[in-house]
Every structure is written in C-alpha cells, then in structure tokens.
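Written out below as structure tokens is the structure these notes cover.
The values are calculated or read from the model by the stated rules, or taken from the named source; none is laboratory data. Worth saying up front: this structure is predicted, and the values here are computed from it rather than measured. In this analysis, Cβ positions are derived from the backbone assuming ideal geometry, glycine residues included, and neighbour counts consider all displayed protein chains. Areas reflect the complete protein model, heavy atoms only, side chains present, ligands, DNA and RNA absent. Shrake-Rupley method; radii C 1.70, N 1.55, O 1.52, S 1.80 Å.
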Amino acid sequence: MAFGDQPAYLRVAGDLRQKIVAGELPPHTRLPSQARIREQYGVSDTVALEARKVLMAEGLVEGRSGSGTYVREQPVPRTLVRTGYRPAGESTPFRQEQADSRVKGTWESRSEQVPADSAVARRLRIATGDRTMRTDYVFRAQGEPVMLSTSWEPLSVTGRTPVMLPEEGPLAGRGVVERMAAIDLIVDNVAEEVSARPGLAEEVLALGGVPGHCVVVVTRTFFAGGCPVETAEIVVLADRYRVAYHLPVK
C-alpha cells in the first residue's frame, strides 16, 4: 500500500507521531484537541478520534481525566541480560533476574500451594493437577516496580524439605541453584523462551504502565539431571526492556 493510499486516520497519526519523535510535541505537552486536528488536517471528527486512538495504543500519548490527552515521557529501555543460572552467592532472586549490578533491588513475594494447570504441568513434566509451590514476586529498583515473576516448583521434588518455601527456611531468599543443591539436586541446564503479548490489566498496572501495552515474557525452566525442578514466567513492560543473551561458547 502506498503512503497516499493509507487511511486518513493513519496519515494523521503518522504526522503527529513524527512530531512527537522529533520533539516538536515534547513530553507532557497537550495533544491538539480533536477539533484542532479536524481543522488542521481537514478530516472528520471520526478520523481525528481514530488517529488519537492509534497514538494511545502505541503508548505515545495518555488521557488525563477532565484535562485532555498528553504526550507521554518515553522510558529509557533497560537491558535484561540472560546468562543462564548463576553460582551460589550470586543467585538471589533479584540478581537472578536483574542484569545491572549497580541497581539496588528489593522484592516482595507470596507463596502458596496450587495444582498445576496444563501449561505448568507440561513444563514440569508432571500431571495436570499435581501440587506445586507457586511463588509470585514483584521486583523493585529504587522503590519502583520493574518486573514480575511467578515460579512453580513440583512438591514431589521439594515437598517436606527445608527448601519447600523459597522465601522461608535456612536458604530463604537464595536462588534456585543454591536451594536445589541443598537437597542434593545439581542444576545443570536452563531453558528459556522469549515472547511478547498484550499485558494483562493487573500486570501492566502493577508495573506502572498503561493498560493495553505489550509485555515481554521470559519463560524459564531449570533442570537437574534432565528433570525439571522449577519453571517461571518473568514479565516486563516491552517499552522498558530489551532482552540480551550472553551465552558461553564451548
């Protein structure tokens, strides 16, 4: 499709986008009103409204109740470095999921026993409905939420052991590698898949984003001797993170 053949609302959105990127409409500037867009571009109210919707869906502008639509300040993307598992002493949950050692991170967590759904069961190679320990994490840097993580561990592996609760007991707050070593399971492999999807409303709001924005999901599974011992989903806002892999060459 040639540019001239684009629907009018996309042409209007494209011109406004270019002005935002070029700094002609800097962050916190009020976007031209629907009436102003109609007059400036010679389009209908419907076209003006659809153009504004496109910019909102792209995360370039945000609506403020009773005030109008404003240009959003775009975050500087951080790098989420994936390096497989880390040795003892470097494997706290925050260090496991946050690349920059200069960032002082904290986390909140909640654990509960839940039956495995079909997706978790497949990744842990257990039967659907088998009991797992699910732990939900919120990771913060300088007090701001930066990522969410949900992990599942099969209770057939960790049940009735000192590491059954990831954030309680003698190894509370340590990573999967060190905790599993305490029950004589040596983590020797980790598999990850990266995908993107629209964020769930509760995820995006928990991370301080705008509903409707996309998230990056890292699905990770730790193995010991070929047996899955933990699987997790790490969720970050797509406009705030870039995922980078540092893989050793053997």
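I'm trying to understand the selection: among the residues of region 121-136, which are farther than 17 Å from Ser111 by Cα and open to solvent by less than 30 Å² (accessible area, probe 1.4 Å)? Matches in region 121-136: Ala121, Leu124. If you check Leu165, Leu155, Leu171 for being more than 24 Å from Thr106 (Cα to Cα), open to solvent by 20 Å² or more (accessible area, probe 1.4 Å) and aliphatic (A, V, I, L, M), only one passes: Leu155.
For Ala244, state whether it is loosely packed, with under 15 Cβ neighbours inside 10 Å, part of a strand (DSSP E or B) and in contact (Cβ under 8 Å) with a residue 40 or more places away in the chain. Spelling it out, Ala244 is indeed loosely packed, with under 15 Cβ neighbours inside 10 Å, part of a strand (DSSP E or B) and in contact (Cβ under 8 Å) with a residue 40 or more places away in the chain. Can you find a residue that is part of a strand (DSSP E or B) and at pLDDT 85 or above anywhere in region 120-131? Among the residues of region 120-131, at least one is part of a strand (DSSP E or B) and at pLDDT 85 or above, which makes the answer yes.
Taking region 218-236 as the range and being in contact (Cβ under 8 Å) with a residue 60 or more places away in the chain and out of contact with any Phe, Trp or Tyr (no Cβ under 6 Å at 6 or more places or on another chain) as the test, the residues that pass are Val218, Thr219, Thr221, Phe222, Cys227, Pro228, Ala232, Glu233, Ile234, Val235, Val236.
Of the listed requirements (1) modelled with pLDDT under 90; (2) exposed (fewer than 13 other Cβ atoms within 10 Å of the Cβ); (3) on the phi > 0 side of the Ramachandran plot; (4) of a type outside the set (D, E, K, R), Gly42 misses just one: (1).
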